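The values are calculated or read from the model by the stated rules, or taken from the named source; none is laboratory data. Quantities reported herein were computed from a predicted structural model and do not represent experimental measurements. When we count neighbours, we look across all protein chains shown, and the Cβ atoms used for this are built from the backbone with ideal geometry, even at glycine. What goes into the accessible areas is simple: the full protein's heavy atoms, side chains included, and nothing from ligands, DNA or RNA. Shrake-Rupley method; radii C 1.70, N 1.55, O 1.52, S 1.80 Å.
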Amino acid sequence: MFSFIYTHAWDFQDEGLHDVCRRISDWGIEAVNLASSYHAGYFIHSHNPNHKMYMAEDGVVYFRPNKKYFEETPLKPNLATIAQDTDWLDAVGQVAESYEIKLMSWTVCNHNTPLGLVHPEHTITNIFGDSYPHALCPSSPATRGYVRGLCRNLAAEYPMYAISLEAPDFRGIPHGHHHERFGTFLRPLEELLMSLCFCKWCLKRAGETGIELQSTGVLVREHLGSYFEEAPLAPRGRPANLGEMLDAIPELAEMMRFREKVEASLVAEIRHDLALLGETLLVAHDGYRADYVASVDGFIVDCYGKGPDDIFQTLVKERSATGKELWAGLRTGFNEILGPGELEDLVTVATKGGADGVGFYNYSETPLRALEWIRTALIRQPG
């Protein structure tokens, strides 16, 4: 069974390139999935020798981007402070190879607040005209050029076994901003409607395929206006869930299909680019999507927070849907694994459910004791 672990540049900076790679090799893990582009976060790092709390920079890359891959987009990668003197993909790639560990790129695509703040015209924009700076819009040519540039740069200039795509899609309104809160409660339906994008790029791209988003937007705005006026009570005579909304506004289903096609076409373009550059695998996060099958080599199935039965059923379902690689994402921290036997059981269940591999999330945030349990969990798997 193939195995990998999610890592960050600061792991190698603070604990040492050889020390981290030696540990990973000793655990029997075959690849490091190193964050090449990443967002902000405030994390507890219980085994880091230099700090215990860490605020990650927002919307930065941890490798030296080559300008030639971003000439056709105004969105340019922001280099992380800790990458000013060290190209971490290059450094980790070289040392990992000496331990026979493959290099993967954990690549965050459309989630980038700093770029969204500077370029609001390329972000998801709701029906009221509000820009969501954390969410670059995949309909925007600039966004697509930026994401494709990242992937071309990574595949062309590093010994990359696989690129794992995170967030190549339309992002929703929840983000996790500092003090982000909704004093007016949003049901799942209203959260979805507030997340829909009506930016000029979506309107243009939809119009080119014969879809009129503006009329759909009028109906979405009417519903949300009524919801806000009646809050905190639910508006009477209005749809209460997505099914009822689709019955009331059939055009909304057309918009949802349009959005899926935008996302799938971006992944297809990335696949086309990579095919010209070599044999780098392309893997999608968040599980199976039928419209991605033709473009990706595999899927990482989110098994976070799930028990053995749920993991098994999820993987059996997705295994029956595709012959592509399926890698189960297991969370080793967050008090989800409290003993070596528990982790071994989850890896065993993933194997029985049809997973071709497992990914452990993640080195930085997992207590060292729990990371050590990986060795036992992998050793005891057949093959």
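Ordering 366, 296, 348 by Cα displacement along the dipole of the range 291-383 toward the positive end leaves 348 in first place; charges were set at the Cβ atoms of Lys, Arg (+1) and Asp, Glu (-1). In a simple Cβ point-charge model (Lys, Arg +1; Asp, Glu -1; nothing else charged), the chain has a dipole of about 300 debye relative to its Cα centre. Restricting the GluC sites (Glu not before Pro) of the range 99-192 to loop positions (DSSP other than H, G, I, E, B) with no more than 11 neighbouring Cβ atoms within 10 Å leaves 100, 180.
Step through the table entries 67/200; 76/324; 102/324, compare each Cα-Cα distance with 30 Å, and write down the pairs that go over it. The answer is 76/324. Shown here for the range 137-243: trypsin sites (Lys or Arg not before Pro) in loop regions (DSSP other than H, G, I, E, B) with at most 13 other Cβ atoms within 10 Å, namely 181, 236. Ligands, DNA and RNA left out, the accessible area of the chain computed with a 1.4 Å probe is 51% carbon and sulfur.
So what's the back-of-envelope 222 nm ellipticity for the chain, counting only DSSP H runs of four-plus at -39500 (n - 2.57) apiece and dividing by all residues, rounded to 500?
Estimated from H runs of four or more residues: -13000 deg cm²/dmol.
Show me 271-280, 287-296, 226-235, 54-63 ranked by packing, highest mean number of other Cβ atoms within 10 Å first.
Packing order, densest peptide first, comes out as 54-63, 287-296, 271-280, 226-235.
Taking every alpha-carbon pair within the range 12-165, the share separated by more than 21 Å comes to 49 percent. In whole percents, the pair-distance distribution calculated for the range 83-180 from its alpha-carbon pairs, binned every 5 Å from zero, is 2, 12, 19, 19, 15, 13, 10, 6, 3, 1, 0.
Between the labelled values [x] 5, 23, 30, 23, 13, 4, 1, 0; [y] 5, 22, 30, 26, 13, 4, 0; [z] 4, 18, 24, 23, 16, 8, 4, 2, 1, 0, 0, the entry that holds P(r) over Cα pairs in 10 Å bins from 0, in percent as derived from this structure is [y].
Bridgeable aspartates and glutamates around residue 204 (alpha carbons under 14 Å apart, same-chain partners fewer than 8 residues away excluded): 121, 212. Compactness of the range 160-234 was expressed as the Cα radius of gyration divided by 2.2 N^0.38 Å, which yields 1.42.
Calculated accessible area for the range 131-278 comes out at 47 Å² per residue, all protein chains present (probe 1.4 Å; ligands, DNA, RNA ignored).
Distance from the alpha carbon centroid of the range 193-267 to that of the range 112-129 works out to 18 angstrom.
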